Amino acid sequence: QEGGVNQEAGPDQHGGTEQSKIFDPFEDDEPKLNIPEVVGYERMRRFAARQHPAVVHFPIALILSAALLELLILMRRRESWLHAQRFCLRFGAMTAVVAVSLGFMLTEFTHVDDELWLHGGLAVAALLCTLTAARSVPKAVDSRRNRFRLWLGAAAVFICATGFMGGYLVFGWDYLKY
């Protein structure tokens, strides 16, 4: 034995000795693990669905900010707030589509009961009201804003109810107890 290599072992097909042979994953054509391709897709879907609690807060903040801006526009009549409101509402509507989609993906991996269906139904109602309000946002302070205010107000109410049910699903009925 010379230099830690056994001289009695013959050379292998790569020119080295069998004891000094390094594992080569490409040596044979058969895969070592026979895992179907769907497993990777399912893991990705499950991971994405678990992001719902983190993602959902962004559209909530944007849409409720748009509703708050509408109250300020009603009281102060400032044109400069219209651009911020339009941005908050439209970007909030786009991110709400993602949040609601992730929420429904999450139901595929959890136990679904009546409370969860109520939470999902309120979320869909909030999303529809938000999309309608985002589509009809007026461009001027003095324009007719009553129909827009109705849709935005309904979206805000449904968002608050959906958030309440989400809190209940995670923490139980006493989560608002002080």
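The values are calculated or read from the model by the stated rules, or taken from the named source; none is laboratory data. Remember, predicted model here, so these are calculated numbers, not experimental data. Cβ sites come from the backbone with ideal geometry, for glycine too, and all protein chains shown count toward neighbours. Keep in mind that these areas ignore ligands, DNA and RNA; they rest on the heavy atoms of the full protein, side chains included. Shrake-Rupley method; radii C 1.70, N 1.55, O 1.52, S 1.80 Å.
What is the Cα radius of gyration of region 42-178 over 2.2 N^0.38 Å, N being its residue count?
Against the compact-globule rule of thumb, the ratio is 1.13.
With r as the distance between the Cβ atoms of SER143 and VAL112 and R0 = 41 Å, compute the FRET efficiency 1/(1 + (r/R0)^6) and round to 0.05. Before the final figure, lay out each step's value.
Values: r = 43 Å, r/R0 = 1.06.
The formula returns an efficiency of 0.40 here.
Once neighbouring chains are kept in place and the probe is 1.4 Å, which whole percent of the accessible area of region 37-95 is contributed by carbon and sulfur?
Accessible surface attributable to carbon and sulfur in region 37-95 totals 67 percent.
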